[in-house]
Amino acid sequence: MESFSNKELNFKSPFGMIVSGPSSSGKSTFLLKFIAESGYLIDSIPKSILYCFGEMSNIVPLLQKSGVSVYAGAPPEELIKKFSKPLLLILDDLLTSIDEKYLSELFTKKSHHQNFSVVFVTQNLFERKIKVARQNAQYIVLMRSPNSALSVRNIGVQLFPRQLDYFLDAYKQATKEPYGYLVIDMHASSDPSLKLRTSIFKQDEEKIIFIPKNRNDLLPYVDFVRRMSRARSDRGARKILNQKGSGFGGGVFAALITPILIELARSFTINSKT
């Protein structure tokens, strides 16, 4: 019996990430937690962290006290090369000062070639300058943004064209509280059932993963069901998903679903679409 391990839930470096949200949405709080728990959240563990900022804020001295290297402005490539790798590079509030081509190259070439993960923090996910970075990011973090419903819908249309309601419902649930956020995991090696989640930090009592409830929505996750049920083939797993009635036969439910839920409950809570 398999369950999701921390390794499967971790951010796989080197990666590109965009954290998007308006002012006072909790971006700084998220960053502080992400940096503090980078050894727990990221695989492989960063050997160094460089935080680059556009304007001085109260988190800069906090990071300095914790041993994080800080730099005012967009970091030149020569500076990045000096740090031990793997490196976690954070670019906060640098939209106006960073060159568009350079930012695009950080996400498309330099990150993988030089073994560093880059996190770009912005208030506008659809700013023209970050288009290439957004399209090549393995992870997107959407903060609570009551006035950006159209932008949230647009990213849902792009990334989940056939599951828009599922995406919008996950975002609504993840951001219902102040400073709430939704992590979108688009990494090629990630389990497809882990694409949307929240409560990722150590201090969170439950790791919340949003999984489609509709049976037809579950069909893309045949591989997950096959692994968990030990079905001999994808065809066998597909038959399980297409059972008549409630979606699972009584025998299958007792033999499959119950032990799975018991196992998964030890590490996280599945928050299904209602």
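The values are calculated or read from the model by the stated rules, or taken from the named source; none is laboratory data. As the structure is a computational prediction, the values presented were derived from the model and not from experiment. So basically every Cβ, Gly included, is an ideal-geometry build from the backbone, and we count neighbours across all protein chains shown.
The single residue among Arg128, Arg144 that is among the charged types (D, E, K, R) and crowded, with 17+ Cβ neighbours inside 10 Å turns out to be Arg144.
Here Ser44 clears all of (1) small (Gly, Ala, Ser); (2) under 24 Å from the mean Cα position of the chain (by Cα); (3) under 30 Å from Val152 (Cα atoms) except the condition numbered (3).
Restricting attention to region 77-86, does a residue exist that is among the hydroxyl-bearing types (Ser, Thr, Tyr) and either modelled with pLDDT of 95 or more or not assigned by TED's automatic domain parsing to the domain that holds Asn136 (or both)? Within region 77-86 (the criterion being among the hydroxyl-bearing types (Ser, Thr, Tyr) and either modelled with pLDDT of 95 or more or not assigned by TED's automatic domain parsing to the domain that holds Asn136 (or both)), the answer is yes, since at least one residue qualifies. Filtered by the rule that a residue be surrounded by fewer than 17 Cβ atoms within 10 Å (Cβ to Cβ), of a type in the set (Val, Ile, Thr) and assigned to a loop (DSSP other than H, G, I, E, B), region 68-125 gives a lone residue, Thr96. Residues considered: Gln114, Gln158, Gln138. Of these, the only one that is of a type outside the set (A, V, I, L, M, F, W, C) and under 22 Å from Thr29 (Cα atoms) is Gln138.
Residues in region 204-223 that are assigned to a loop (DSSP other than H, G, I, E, B) and either at pLDDT below 90 or of a type in the set (A, V, I, L, M) (or both): Glu205, Glu206, Lys207, Ile211, Pro212, Lys213, Asn214.
Could you please find all residues in region 1-16 being modelled with pLDDT of 70 or more and either charged (D, E, K, R) or more than 16 Å from Ile208 (Cα to Cα) (or both)? Selection gives Lys7, Glu8, Lys12, Ser13, Pro14, Phe15, Gly16. Residues in region 29-64 that are among the hydrophobic types (A, V, I, L, M, F, W, C) and assigned to a strand (DSSP E or B): Ile42, Ile49, Leu50, Cys52, Phe53.
I'd like the full set of residues that are surrounded by 21 or more Cβ atoms within 10 Å (Cβ to Cβ), part of a helix (DSSP H, G or I) and either out of contact with any strand residue (DSSP E or B) (no Cβ under 9 Å at 6 or more places or on another chain) or without any contact (Cβ under 8 Å) to a residue 60 or more places away in the chain (or both), limited to region 157-182. Passing the criteria: Phe167, Tyr171, Ala174. Hey, can you tell me all the residues within region 183-205 that are free of Cβ contacts under 8 Å to residues at least 60 places away in the same chain and of a type in the set (Gly, Ala, Ser)? If the condition is that a residue be free of Cβ contacts under 8 Å to residues at least 60 places away in the same chain and of a type in the set (Gly, Ala, Ser), then Ala188, Ser193, Ser199 are the ones that fit.
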